[in-house]
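Input: a single structure, listed below in structure tokens.
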């Protein structure tokens, strides 16, 4: 699968070339603020965390103006600033390319291919919550540059969310329903891939993900209206293989006339291909709602929502 969500191309130099010796020493290049709490976890909405840093490079055509600077938040100007101070050139064009978080390993930036990484692997719990982002922005005329560089970061990964509820046919007229998830895992999901030009290629290495191995109790109200979030993780965008499966272990108890009736089940395996979703795309959130019923019956639906309201992007403006 090669899904393009943003083609990172170098804008042509439309005026005099930007050179480091031709800059305005009073105009530091900075990146504008968005206030939020510090986190490396999945970023929802369009707020970039102030506790996060990103790596940014700038190019004049295919020539580096500066490369691989780490930009971190500074509370005094409320801007992201690079560790090495860089100044706006007096004219010409600059294209900025960035990835986030700065702490992620193996990524690189160049003027031709933008952000790239080979054999990006998602298997550890840390990798499954590290939101890989990338951005590009071109200032066509540096003599009229913006006050700060507005970067719109796009999500490179797919977010998978699992919710759970009791099946609709359970009687809830004054009777409590208690659902305990004992395990949740995914198998046949590819965990290694290459990234370039906003696209994923060469996905390989099927992996089994243990998403939950300790019990979690979920209690529902009388209308079964509560749908609980069990977990949310990040995965490589991919076409789901025929053997991609969800495994759910659970117990459910319903109290009827003062008596508890419990169905306790070992993991049940359901092919992900039984849903309408056959592919996980970059920058999208997929919500799998698991409906637990009697006699090992598990029904589930799947929906895909745009991750954010701004083209799947997290905005620094």
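Note on the stretch 248-286: residues that are in a strand (DSSP E or B), surrounded by fewer than 15 Cβ atoms within 10 Å (Cβ to Cβ) and touching a strand residue (DSSP E or B) at 6+ places or on another chain (Cβ under 8 Å) total 10. Among residues of the stretch 34-63 being closer than 23 Å to residue 128 by Cβ and in a strand (DSSP E or B), the one that is modelled with the highest pLDDT is 55.
Of everything in the stretch 224-247 that's at pLDDT 80 or above and over 21 Å from residue 129 (Cα atoms), which residue is surrounded by the most Cβ atoms within 10 Å (Cβ to Cβ)?
Kept after step one, since they are at pLDDT 80 or above, are these residues of the stretch 224-247: 231-247.
Still in the list and also over 21 Å from residue 129 (Cα atoms): 241-243.
Details: 241: 16, 242: 9, 243: 12.
Looking at the filtered set, the residue picked out is 241.
Yes or no, residue by residue, for (1) over 27 Å from the mean Cα position of the chain (by Cα); (2) touching a residue at least 12 places away in the same chain (Cβ under 8 Å); (3) surrounded by 15 or more Cβ atoms within 10 Å (Cβ to Cβ); (4) in the same structural domain as residue 148 (by TED's automatic domain parsing):
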| position | (1), (2), (3), (4) |
| --- | --- |
| 44 | no, yes, no, yes |
| 49 | no, yes, yes, yes |
| 53 | no, yes, yes, yes |
| 66 | yes, yes, yes, yes |
| 85 | yes, yes, no, yes |
| 91 | yes, yes, yes, yes |
| 94 | yes, yes, yes, yes |
| 99 | no, yes, yes, yes |
| 106 | no, yes, no, yes |
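Can you find, within the stretch 138-154, the residue that is nearest to residue 55 (Cα to Cα) among those that are modelled with pLDDT of 90 or more and not in a loop (DSSP other than H, G, I, E, B)? In this case the residue turns out to be 138.
The values are calculated or read from the model by the stated rules, or taken from the named source; none is laboratory data. Please read these numbers as outputs of a predicted model, since none were measured by experiment. Quick reminder, even Gly has a Cβ in these numbers, built from the backbone with ideal geometry, and neighbours come from all protein chains shown.
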